[in-house]
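The structure appears right after this line, and notes come after that.
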Amino acid sequence: MMKTCPECSSSEIISDLIVFTDEMLAGQLPAYVQLAEPEPEKTPFIWIPKSASSGLRAAVCGECGYTRLHATNHAELLQARKQGYESRPNGMSRLKA
């Protein structure tokens, strides 16, 4: 995580903060990123894509407000990307031309 601010060089860093969204109030999870496997050319009758996701943590500079996000499950995201997984909204499959 961030020890000094890359913008102002301050060491006044507030770290390991959970990143929330308005949906959190409705019982949803904190903000996250997700990669899902691409839809196969011949989709079986029942197909549920595999996915990899990661929560986000923030570090904020107390002097200038610079904010850096850190994925907590970065290794799984990298592995999924190498397997061709893509970032897309939940429940949205790619439109075929």
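The values are calculated or read from the model by the stated rules, or taken from the named source; none is laboratory data. Keep in mind that this is a model prediction, so the values were computed, not measured. A quick note on method: Cβ atoms are made from the backbone with ideal geometry, for glycine too, and the neighbour counts reach across all protein chains shown.
Does Ile48 qualify as being of a type in the set (A, V, I, L, M) and more than 13 Å from the chain's Cα centre (by Cα)? So Ile48 fits the description; yes.
Filtered by the rule that a residue be at pLDDT 85 or above, over 30 Å from Gly84 (Cβ atoms), assigned to a loop (DSSP other than H, G, I, E, B) and not polar (S, T, N, Q), region 3-50 gives Lys3, Cys5, Pro6, Glu7, Cys8, Glu12. Among the conditions (1) modelled with pLDDT under 85; (2) not in a helix (DSSP H, G or I), Gly84 misses just one, which is (1).
In region 54-77, how many residues are in contact (Cβ under 8 Å) with a residue 24 or more places away in the chain, in contact with a Phe, Trp or Tyr (Cβ under 8 Å, 6 or more places away or on another chain) and farther than 14 Å from Met1 by Cα?
Start the filter on region 54-77 by keeping residues that are in contact (Cβ under 8 Å) with a residue 24 or more places away in the chain, which leaves 55-64, 66, 68-71, 76-77.
Retained after the next criterion (residues that are in contact with a Phe, Trp or Tyr (Cβ under 8 Å, 6 or more places away or on another chain)): 55-56, 60.
Next cut, farther than 14 Å from Met1 by Cα only: 55.
Selection size over region 54-77: 1.
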